[in-house]
Amino acid sequence: MFATLKGLSKRGQKVKGRVVLMHKNVLDINALTTAKSAAGVIKGGVKIANCVAGNILDTATAGLGCSVALRLISATTADESGKGKVGKRTFFEGFVTSAPILGTGQNTYDVHFEWDSEMGIPGAFYIENFMQGEFFLVSLTLEDIPNQGDINFVCNSWIYNAKKYTTARIFFANKTYLPSEMPSPLVYYRQEELKILRGDGTDERLEWERIYDYDVYNDVGDPDCKASLARPVIGGSKTLPYPRRGRTGRKPSKKDPKSEKRSEFIYLPRDESFGHLKSSDFLVYILKSVSQNVIPALTSAITLQFNQPEFNSFDDVRTFYEGGIKLPTNTLSKFSPIPFFKELLRNDGESALKFPLPKVVQVNKSAWMTDEEFTREMIAGVNPHIIKRLQEFPPKSKLDKQLFGDHTSTVTKEQLEPNMNGVTVEQAIQTNRLYILDHHDTFYPYLRKINAADTKTYATRTILFLQTDGTLKPLAIELSSPHPQADSFGPVSDVYLPASEGVEASIWLLAKAYVVVNDSCHHQLISHWLNTHAVVEPFIIATNRHLSVVHPIHKLLLPHYRDTMNINALARNVLVNANGVIESTFLLGRYSLELSAVVYKDWVFPDQGLPKDLLKRGVAVEDPTAPHGLRLLIEDYPYAADGLEIWAAIKTWVDEYVKFYYKSDADIVQDSELREFWKELVEVGHGDLKNATWWYKMQNRTDLIEACTTLIWIASALHAAVNFGQYPYGGLILNRPTKTRRLMPKKGSPEYDELAKNYQKVFLRTITPKNDTLVDLTVIEILSRHASDEQYLGQRIEGDLWTSDTQPIVAYKRFASKLAEIELKLAQRNNDETLRNRHGPVNMPYTLLYPSSKEGLTCRGIPNSISI
């Protein structure tokens, strides 16, 4: 496993090393709490030279000399207790000004270790920081070790004062070992590091700690502030099951001991908040600033400027993009230094905030209203994986009949067939041409609660017909509401049919709006939040608690965890919390997270993989002769067609990687860390579903490959597909409204008469109002952006140093090359005019699964992880 160190004398030899680190004052974005603090922020990056003086490392590099100590640990020579021998303490030396390949803000220091041949090969090192402030340790490289060459230690970790830790911080060389293959002198150190990361499950966590542990969602409410802000505990029960979040250990609230007391500081294991330069951390900071400071100021400015809370015409909506919102000087000064807002501010001398024109209206201002675009976005929009093939007619419900009565659809064949080009319903089902967007069962149980508030809505079903040109045609929309007497009487349902003229056309436009609002809420709470952000967090926690940093699966998954716990913690603080952005601007209000918990009951991890998802929804069938073994029944299905290319590339990479380290199924069974990781993930991380029979047993390589491929797919491509189109599609509130406030006008009512006179005004009084639109646009514009240091699928922040094994590095480069090939293939598809769903009436190409992207609002790019 290791050659000997014949080049070092027994009496002692200096081993030269180079340490790369970054100072806290270069990185600490989270210390900024107001826009005023961001005066050092410049467009295109972050320059915060002295904004947190007083609690940072001295910028004078000379102070590091005797303040940071390192000790090498042998991987081949043990002491009397069997632990790898520890070398003498050594300190940083001179600051290197001409070090090669340094990232922005990085500094390099020389260090020389006393080490001789009897000590063997270094395999780990201790580091101690004796200064008051922390720094970010990037790497250590030991140079020209005899018979070894350079030995690299990839660290990427915050190092606090040594007194903060019970033992010195340890880092391992970039070797990769299954537990049974770990050099025996390092086994103790590997196990001890994992114990530290697990903690003991007690006490409130502190800023510098790196402990990973689980808790339920009992921190989104704020009962101590106001009774109306109390929320039920999500997770840990049969009625409201949920994935676990990271434990903070904050004290219980006074008025509800089951809930955690909220505070400004939310603990994260320290290395989950890297503080990357020009980073997603900065987008996180902006999002926090927007929620707490900017939105109230903008709302006030809107009120002063327009003196009315409603849009009166579609042209009014366009003022957000064309004229802008005039801002008082005092409002402007609150956030103009922030790069995100500097991009939105007009450069013609006017103090106005102007949102970028959403892509959905960049070519055609009214094409969003067409039926073809309405249906196209079900297969090429931001929620493209809900549509199902209709295999029985009429559609049925899975709701409990004893509680809710009979919810079989009231749509009839007679309503559908006149619009089906001579095809009968039976023929359409047999030939795979009838589809449904079904939000009925998800929303119906909550309609009474929703409609008791200021919001008013329906549970929707939309029946679709696959035409010979590959496009989908809407045939009918069913809107259902609770029976006035009781739920057991079943729903009251009305069916609306397509119309293009008169008041019926306006009614049809409203019917489509109710469908889109159902879809928008499903997208934000389930497709986006639950099915990517929330379900991945337990994997991150379990990985860090049980898979050593030198474990091959830890190394495989690590890029797909970057920043996820960070953005999730922020979301619990300002997005999905009581009266947060989601509750305030989306239909479900205070029941938002609760509904997602009800939906989680039916979550199945293996079905999150794209092929199984397509088969389950009936939109594809197995076909050994088809690419990837699946034949799409909607041939021109952009999300599915592009997604299968990405899925296959991920799976090929994972297959090669897993089989390199696990030569047989027996290796899987014998892997003690993998066994504990998977056991805890199932029984604790996703413990509310632990009795489900669909969990992989993790007894063979196939299970591990499928599980890792699915997890990587969720964190990368699935999240990209549902996230980065939010502003391009939803930045036009007319196209993706987030709530409805009126029920459908009935014939003979004043609202119906008003609809005949001014349909735009009625439409706008029904959907999201002006101030909520402002909040929604501001937030989704941030969420739809890429950071400048984004790591995309096929990239790694460590370059080629993430492992010392050549074959996995070569395989990963092959993966990156394949993704580049796929991107060219997807671009060619978008140039194929016969594929009408690729562009649609809005002439907006489907690019969400292009692997690469530039910084900013691009509507493309697959980051490795859920970082925003």
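Laid out as a table, the results:
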read-out	value
At 1.306 mPa s and 10 °C, Stokes diffusion of region 713-852 via Kirkwood alpha-carbon radius, µm² per second	84 µm²/s
Theoretical FRET efficiency, 1/(1+(r/R0)^6), r = Cβ-Cβ of Gln132 and Leu206, R0 22 Å, to 0.05	0.90
Rounded to 10°, Cα long-axis angle of helix 806-830 versus longest principal axis of the chain	20 degrees
Residues whose placed amide H lies under 5 Å from that of Asp150, excluding near-sequence neighbours	Asp144, Ile145
Accessible area expressed per residue, the chain, with surrounding protein chains retained (probe 1.4 Å, Å²)	38 Å²
Spatial separation of Cα centroids for region 531-604 and region 373-395, in angstrom	26 Å
Added length on full extension, which subtracts the Cα-Cα distance from 0.36 nm per residue, Ala756 to Gln191	196.1 nm
Region 774-852: projected area of the alpha-carbon convex hull, averaged over directions, in nm²	7.5 nm²
Residue-span extension gain [Val503 to Lys258] - 0.36 nm each, minus C-alpha spacing	83.0 nm
Projected label distance in nm at Asp623 and Asp454, using a 7 Å step from Cα toward the beta-carbon	5.1 nm
Rounded to 10°, Cα long-axis angle of helix 280-289 versus longest principal axis of the chain	50 degrees
Other-chain or far-sequence residues with amide H under 5 Å of Cys155's (modelled H)	Ser139, Leu140
Gain in span if fully extended, Gln402 to Gln807, counting 0.36 nm per residue against the direct Cα distance	139.9 nm
Over 28 Å between alpha carbons, listed pairs Lys679/Lys854; Lys612/Lys825; Lys449/Lys757	Lys679/Lys854; Lys449/Lys757
Rounded FRET efficiency, nearest 0.05, which uses the C-beta distance separating Asp800 from Glu855 and R0 of 22 Å	0.40
Tail beyond 13 Å, pair distance distribution of region 425-476 (Cα, percent)	65 percent
Furthest towards positive pole of dipole, Leu434, Phe465, Gly249, structure part the chain, Cβ charges	Gly249
Residue-wise HN-Hα coupling along region 263-272, computed from phi with Karplus coefficients 6.51, -1.76, 1.60 (Hz; x: Gly, Pro)	8, 5, 7, 10, 5, 10, x, 3, 7, 7
Label point distance in nm, Glu93-His483, each placed 7 Å from Cα along Cα→Cβ	8.6 nm
Charge-dipole axis of the chain as Lys and Arg at +1 and Asp and Glu at -1 on Cβ define it, positive-most pick from Trp694, Trp713, Leu229	Leu229
Packing-based ranking, highest mean first, of 431-441, 79-89 given that Cβ atoms within 10 Å are counted	431-441, 79-89
Compactness of region 557-642 as Cα Rg over 2.2 N^0.38 Å, two decimals	1.50
Average silhouette area of region 457-577, convex hull of alpha-carbon atoms, in square nanometres	13.5 nm²
Over 23 Å [Cα-Cα, region 616-726], rounded percent	43 percent
Helix axis angle, 502-522 relative to the chain longest principal axis, alpha carbon, degrees	20 degrees
Relative contact order (percent, whole number), region 128-287, Cα cutoff 8 Å, 6+ residue spacing	17 percent
Cut-off under 5 Å, modelled amide H: who pairs with Val492 long-range	Ser481, His483
The chain: Rg to Rh, with Rh as the Kirkwood radius over Cα pairs	0.99
FRET efficiency, 1/(1 + (r/R0)^6) with R0 56 Å, evaluated for Asp144 and Gln828 via beta carbons	0.70
Rough spin-label spacing in nm, given labels placed 7 Å along Cα→Cβ, for Lys601 and Gln427	4.1 nm
In order through region 775-783: 3J(HN,Hα) via Karplus (6.51 cos²θ - 1.76 cosθ + 1.60), integer Hz, x for Gly, Pro	4, 4, 4, 4, 6, 6, 5, 5, 5
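The values are calculated or read from the model by the stated rules, or taken from the named source; none is laboratory data. None of the values given here were measured: they were computed from a predicted structure. In this analysis, Cβ positions are derived from the backbone assuming ideal geometry, glycine residues included, and neighbour counts consider all displayed protein chains. Surface accessibility is based on the protein's heavy atoms, side chains included, excluding ligands, DNA and RNA. Shrake-Rupley method; radii C 1.70, N 1.55, O 1.52, S 1.80 Å.
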